[in-house]
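Encoded as structure tokens, the structure appears first; notes follow it.
The values are calculated or read from the model by the stated rules, or taken from the named source; none is laboratory data. Keep in mind it's a predicted model, so treat the numbers as computed, not measured. Every residue, glycine as well, gets a Cβ built from its backbone with ideal geometry; the counts of neighbours run over all protein chains shown. The accessibility values were calculated without ligands, DNA or RNA, using every heavy atom of the protein model including side chains. Shrake-Rupley method; radii C 1.70, N 1.55, O 1.52, S 1.80 Å.
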Number of protein chains: 4
Amino acid sequence: MVTRLDKNAYGKNAIKLSKIIRRPDCHDIRHISVDVALEGDFDAVHTIGDNSKVLPTDTMKNTVYALAKDHFTHSIEAFGLYLANYFLSHNPQVSSVHIGLTEYTWARMTFDDTPHPHSFVNGGSEKHIAHITSHRLGTQLSSGITDLLILKTTDSGFEHYIKDKFTTLKETDDRIFSTQCDINWQYSEIPPDPEALYQAIRLDLLHSFASHKSLSVQHTLHAMGEAVLKTFPSVNEITLKMPNKHHIPFNLQQFGMDNNNEIFIATDEPYGYITGTIIRE
Amino acid sequence: MVTRLDKNAYGKNAIKLSKIIRRPDCHDIRHISVDVALEGDFDAVHTIGDNSKVLPTDTMKNTVYALAKDHFTHSIEAFGLYLANYFLSHNPQVSSVHIGLTEYTWARMTFDDTPHPHSFVNGGSEKHIAHITSHRLGTQLSSGITDLLILKTTDSGFEHYIKDKFTTLKETDDRIFSTQCDINWQYSEIPPDPEALYQAIRLDLLHSFASHKSLSVQHTLHAMGEAVLKTFPSVNEITLKMPNKHHIPFNLQQFGMDNNNEIFIATDEPYGYITGTIIRE
Amino acid sequence: MVTRLDKNAYGKNAIKLSKIIRRPDCHDIRHISVDVALEGDFDAVHTIGDNSKVLPTDTMKNTVYALAKDHFTHSIEAFGLYLANYFLSHNPQVSSVHIGLTEYTWARMTFDDTPHPHSFVNGGSEKHIAHITSHRLGTQLSSGITDLLILKTTDSGFEHYIKDKFTTLKETDDRIFSTQCDINWQYSEIPPDPEALYQAIRLDLLHSFASHKSLSVQHTLHAMGEAVLKTFPSVNEITLKMPNKHHIPFNLQQFGMDNNNEIFIATDEPYGYITGTIIRE
Amino acid sequence: MVTRLDKNAYGKNAIKLSKIIRRPDCHDIRHISVDVALEGDFDAVHTIGDNSKVLPTDTMKNTVYALAKDHFTHSIEAFGLYLANYFLSHNPQVSSVHIGLTEYTWARMTFDDTPHPHSFVNGGSEKHIAHITSHRLGTQLSSGITDLLILKTTDSGFEHYIKDKFTTLKETDDRIFSTQCDINWQYSEIPPDPEALYQAIRLDLLHSFASHKSLSVQHTLHAMGEAVLKTFPSVNEITLKMPNKHHIPFNLQQFGMDNNNEIFIATDEPYGYITGTIIRE
């Protein structure tokens, strides 16, 4: 019998880094988590324990902190591209580098319409993410948004679906639509200002969600993805994961009361899970 | 040997409820979690399994959903007070009722400065909480804020502390101050508009945190609590839990670089844990 | 207006420590989390930022690691008692020390009935905990078990409870009883071998749970607590928190099938929450 | 501009189900979570909101509970295969069905070497998983184990790696090796008794981990995977994810003490992340 090592990778995950950007009249705070992963000529590490080509994951961590001083000055995308290139160019044994970045949002405090120079409140579960994959022949960049919780109280229905012997769900033309989105889009070329583009795409996604007359989660997912491709020429592919966090009407009739779409059981599990990728042809 | 049943309670936790408030021109979404606990004449339940005085926790849950229709119309405090009174007045065997409420924040989406009538984005980890304890002789109400993540990049130091043989911490007059607050305050009387008061106290807490020249977490904790007592006469006690989420300067010197308070390791564990109660005399 | 600082404390939480005990023929692994909290003469820290009496939480952390070398050799209770005494005797400004300890369970791997000398598999969610509070006049020790998930498939019912207009729960004399226990007991005197006693009390709790004909969660909670007090003279008080993790019979009748207590929806939320303290008189 | 819907799927996740198997002299408890996902002719759902080919995720949930009565009687693999075939054969619009199953482990309580007939204690974080993908031309089955926490206190080193200007890690020939494994293997044919095979493979994995002289995580990962392929002919591919949960020696020297590989800081983040796939050629 012969076995073979197939796809493999190694790296350091969850490198939590914060940086103060000291401007003349105020501070910015950046707070990120970085993942680094390498692929390459690592068969001998696995098969005979030869570490001579292994850059330790501890060194990857140190490198991220050290390079952040001069090179984490703008978007996470720009920092990730720098890191990917650094690891690739300093390690001939490496065929591809993957950098994943997550930025936690800190919103500047404001008092009497005046932004505070150095105090912040956490912006919530929603996070800006970026993924860079660099190999010898090129680099792919995707950006995204994760843990974005959005909800609309109407303009959402679900009807005319298959009924079989196990169907108990009632059709509705008016339900709560609540989802914790994880959305990633791929750029055909590196954009000049990825942070501004991220903010514009985020707003476009929210607007599509809010204004859509939804006949299903799939229907809205597609509308959101298509809108991004239409408005942003540098995006050539978008994948949306939109779990359906069900708000189930509570049965008030059993107590002689009416539930006019007012009172709901907010559930976490089980949840619908809808995913789709829209591409530019 | 004789044993005795001492303090005991039972109830239902994590009753997740959402409600759409349908206004003429827009919808509001309310999303809460309710805990109900009863104390009273329950010795026989424990000792001989006599359930004749037990209101099932399943019924508590149904009651919360049913009463939400007509009575969850304003603040969580008002709904909690109604629930506490309902359970107390309908259950003579009960000596005290505790209601705990947590409200998840949904912020209305806004496009071109126009608030959207029915779409929302989750407001983050920060949650408004309330606790009501009602017994035959009276009712206590406390409100609070939990999972409030705040951070300031300067105006915070820690110096002149005890040094002993296990001391390695370096003194600093300029560090990041980051904390995930859990703050509760007690009202001497039921306020007429608990939601407005909550918002005002929250803003006061943020302002105290932002403007304080902090010599320690304790120092700022005390300033925040004292400010609330000074500004809000209906608050007679406030307890603050302010874990210190350390941002530790990364040692760049080992690589021949300077770290001018720029690059930090953002840590979750271990964490400082600071708590204090300030009362009005 | 005059305010006053009331109860306050500070310390370091989640000090994660592992230790290898090197025996002649095998290794033991100990893996714990330690919390340290101090109370005392700390008013000036809060009110004027005077840190001269503050032992930094970073130093507490260092102290725990350093003292573990020679003094974490047996039970977590013994180590906690040593730590409490150390902090109290070295800090005259401190009036009381609280030490909380959690031990993660690692079970030795066994192959062909032979225990492996140095390999372990994690023993699950269940954890041994201990709490020590030392002040100038004495010390209290409590031990406990947390996140103990236990389940019985029969000998559990719930009947003859109050019915009102919001009742929908059906009586049953045969249901699943599943709970994630958090149990703490207080010792009247420091036991000579807290680890052995912990194991004996744990087994007694499991046995009471398994053999009880349960008429309610309260009924079983009481039986478990009473059994511990009866069997272990050094325990003078026990508090049990036993949330009811409901397994709800799935309605198969709607599909023309019978559910003879076979198929259940396993739920996490909402959950019944039952707590009680049993004391020796 | 033309866009196109690419890969898409929908289903229901986290269907939590428990079942009592009633044997003559004892009960078994089974506790699982099921995910269902469908792919197929669903373009019109996305593009024009035509739900006529949509089997609602609520119906999937009902179907899982209903079919569990007669068809969840042995392994999760067998139940998953039945479910996959059911959804595929009843839904001509579907091209492929994915079923994911997770089984929570409940260990029977034992008193005085006698197994208890109906009481159980949760077996911990470790879970048996299975994935089935069925399409019109065939079915793939993979089984696995997730959240398996294993640790060895010696026979593990890491030396002779690359040193560069950001290297601070010290070489060691004796360190703690701790990992939370996620391991999946693919069967070339459906095994007659997947549960027995799972238990045998699990034991083989533990044994490889325990007995290996590890020169790196990669080295041990490869040895574990290769051993499975060698011993179990029906396995043709195995993927191991073995994050390195670092136990870092605490610096006791700064206090004039020696740390002879005894006292460690047990960390969760950042963590090494090592993954590899071994295949049979």
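Looking at region D:130-149, is at least one residue within 14 Å of chain C (Cβ to nearest Cβ), more than 26 Å from the chain's Cα centre (by Cα) and free of Cβ contacts under 8 Å to residues at least 40 places away in the same chain? Checked region D:130-149: no residue is within 14 Å of chain C (Cβ to nearest Cβ), more than 26 Å from the chain's Cα centre (by Cα) and free of Cβ contacts under 8 Å to residues at least 40 places away in the same chain. Number of residues in region C:223-281 that are aliphatic (A, V, I, L, M), under 30 Å from D:ARG22 (Cβ atoms) and in contact with a Lys or Arg (Cβ under 8 Å, 6 or more places away or on another chain) equals 6. Regarding region D:232-241, can at least one residue be identified that is in contact with a Leu (Cβ under 8 Å, 6 or more places away or on another chain) and assigned to a loop (DSSP other than H, G, I, E, B)? Within region D:232-241, one or more residues are in contact with a Leu (Cβ under 8 Å, 6 or more places away or on another chain) and assigned to a loop (DSSP other than H, G, I, E, B). The set of residues in region A:270-281 that are open to solvent by 10 Å² or more (accessible area, probe 1.4 Å) and closer than 18 Å to A:PRO249 by Cβ comprises A:PRO270, A:TYR271. Within region B:250-266, the set of residues being of a type outside the set (A, V, I, L, M, F, W, C) and in contact (Cβ under 8 Å) with a residue 24 or more places away in the chain comprises just one member, B:ASN261. Hey, any hits in region A:43-58 for a residue that's among the charged types (D, E, K, R) and without any contact (Cβ under 8 Å) to a residue 24 or more places away in the chain? Yes, because at least one residue in region A:43-58 is among the charged types (D, E, K, R) and without any contact (Cβ under 8 Å) to a residue 24 or more places away in the chain. Of all residues in region C:212-226, those satisfying the criterion of being touching a His at 6+ places or on another chain (Cβ under 6 Å) and under 14 Å from C:GLY157 (Cα atoms) are C:GLN218, C:THR220.
Residues in region A:226-256 that are at the interface with another protein chain (Cβ under 8 Å from one of its Cβ atoms) and open to solvent by less than 10 Å² (accessible area, probe 1.4 Å): A:LEU229, A:LEU252.
Working only within region A:188-225, note down all residues that are open to solvent by 50 Å² or more (accessible area, probe 1.4 Å) and under 15 Å from B:MET109 (Cβ atoms). Passing the criteria: A:GLN199, A:LEU203, A:HIS207, A:SER211. Within region C:41-63, being at the interface with another protein chain (Cβ under 7 Å from one of its Cβ atoms), crowded, with 18+ Cβ neighbours inside 10 Å and part of a helix (DSSP H, G or I) holds for C:VAL45, C:HIS46, C:THR57, C:ASP58, C:THR59, C:LYS61, C:ASN62, C:THR63. Looking at A:GLY123, A:GLY100, A:GLY144, which is the one that is modelled with pLDDT under 95 and not hydroxyl-bearing (Ser, Thr, Tyr)? Checking each option against the conditions leaves just A:GLY123. A residue that is of a type outside the set (Val, Ile, Thr) and either over 27 Å from B:GLY124 (Cβ atoms) or open to solvent by 50 Å² or more (accessible area, probe 1.4 Å) (or both) can be found somewhere in region A:126-134. Note on region D:1-35: residues that are more than 10 Å from chain A (Cβ to nearest Cβ) and among the small types (Gly, Ala, Ser) total 1. Selection over region D:257-273 of residues that are under 19 Å from C:HIS31 (Cβ atoms) and away from chain A (no Cβ under 13 Å) gives a count of 8. Just so you know, in region C:209-225 the residues that are over 12 Å from B:THR47 (Cα atoms) and in a helix (DSSP H, G or I) include one that is farthest from the other protein chains (Cβ to nearest Cβ), and it is C:SER211.
Within region C:145-166, the only residue that satisfies the criterion of being outside any loop (DSSP other than H, G, I, E, B) and among the basic types (Lys, Arg) is C:LYS152.
I'm checking my understanding of the structure. Among residues of region D:80-119 that are assigned to a helix (DSSP H, G or I) and in contact (Cβ under 8 Å) with a residue 40 or more places away in the chain, which one is most open to solvent (accessible area, probe 1.4 Å)? Checking each candidate, the answer is D:ASN85. On the basis of being away from chain D (no Cβ under 14 Å) and of a type in the set (D, E, K, R), does A:GLU195 make the cut? Answer is yes for this residue. Taken over region B:135-168, the criterion of being surrounded by fewer than 16 Cβ atoms within 10 Å (Cβ to Cβ) and aliphatic (A, V, I, L, M) is satisfied by B:LEU137, B:ILE162. Residue by residue through region D:112-127, note down the ones that are of a type outside the set (Val, Ile, Thr) and farther than 22 Å from C:ASP174 by Cβ. Answer for region D:112-127, where residues must be of a type outside the set (Val, Ile, Thr) and farther than 22 Å from C:ASP174 by Cβ: D:ASP112, D:ASP113, D:GLY123, D:GLY124, D:SER125, D:GLU126, D:LYS127. Of all the residues in region A:250-281, those that are within 30 Å of A:LYS230 (Cβ to Cβ) and either aromatic (Phe, Trp, Tyr) or part of a loop (DSSP other than H, G, I, E, B) (or both) number 3. The lone criterion from (1) at the interface with chain C (Cβ under 7 Å from one of its Cβ atoms); (2) closer than 30 Å to C:VAL235 by Cα; (3) assigned to a strand (DSSP E or B); (4) in contact (Cβ under 8 Å) with a residue 24 or more places away in the chain left unmet by B:LEU38 is number (1). Is it fair to say A:PHE87 is at pLDDT 95 or above and over 22 Å from the mean Cα position of the chain (by Cα)? The answer is yes for A:PHE87.
Scanning region A:205-240 for residues that are of a type in the set (D, E, K, R) and within 15 Å of A:LEU151 (Cα to Cα) gives a single hit, A:LYS213. Filtered by the rule that a residue be within 17 Å of the chain's Cα centre (by Cα) and among the polar types (S, T, N, Q), region A:166-203 gives A:THR179, A:GLN180, A:ASN184, A:GLN186, A:GLN199. Is it the case that region B:64-79 has a residue that's within 23 Å of C:SER214 (Cβ to Cβ), more than 10 Å from chain C (Cβ to nearest Cβ) and surrounded by fewer than 18 Cβ atoms within 10 Å (Cβ to Cβ)? Within region B:64-79 (the criterion being within 23 Å of C:SER214 (Cβ to Cβ), more than 10 Å from chain C (Cβ to nearest Cβ) and surrounded by fewer than 18 Cβ atoms within 10 Å (Cβ to Cβ)), the answer is no, since none of the residues qualifies. Of the set (1) buried (at least 21 other Cβ atoms within 10 Å of the Cβ); (2) within 12 Å of chain A (Cβ to nearest Cβ), all apply to D:TRP185 but (2).
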